[in-house]
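Have a look at the structure below, then the notes.
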Amino acid sequence: MNRIIVALFEPVRTNSLRCRTHISRFPTQLLVVVIVFTYAVICPVILPVGLAYFVGALIVYKKQVLYVYTPVYESGGAMFPGVIQRSLFGLVCAQLTLLGKSQNG
């Protein structure tokens, strides 16, 4: 009986590399979104480059999620508000860049 109680309160040990892979992908994707939003105003040539990056990332990450990663946890959409907030920040930066470009040129 004591073993069962101890097992219930024992911390779960997960492989830290598995958890880090999901966390390390998010900032990279968000950085590319912000750069593409910001510089698309100045140089629209970056839009096909950004599209090619995300199409390639979709193919690679879809395969990795299906065949490589083992699900450790499910957040239930807890990161969604932060993603939206940071994406909107990127859009605001793009609008400010457009405003500065229209004032100068």
- Among the residues of the range 36-72, write down those that are outside any helix (DSSP H, G or I) and either exposed (fewer than 10 other Cβ atoms within 10 Å of the Cβ) or not aromatic (Phe, Trp, Tyr) (or both). 40, 41, 42, 43, 44, 45, 68, 70, 71, 72
- Query: Do we have residue 75 as at pLDDT 70 or above, assigned to a loop (DSSP other than H, G, I, E, B) and loosely packed, with under 10 Cβ neighbours inside 10 Å here?
  - Reply: yes
- Message: Can you find, within the range 48-105, the residue that is nearest to the chain's Cα centre (by Cα) among those that are of a type in the set (Gly, Ala, Ser) and over 19 Å from residue 29 (Cβ atoms)?
- Response: 76
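The values are calculated or read from the model by the stated rules, or taken from the named source; none is laboratory data. Being a predicted model, the structure only gives us computed values, none of them experimental. Don't worry about glycine lacking a Cβ; one is built from the backbone with ideal geometry, like all the others, and counts go over all protein chains shown.
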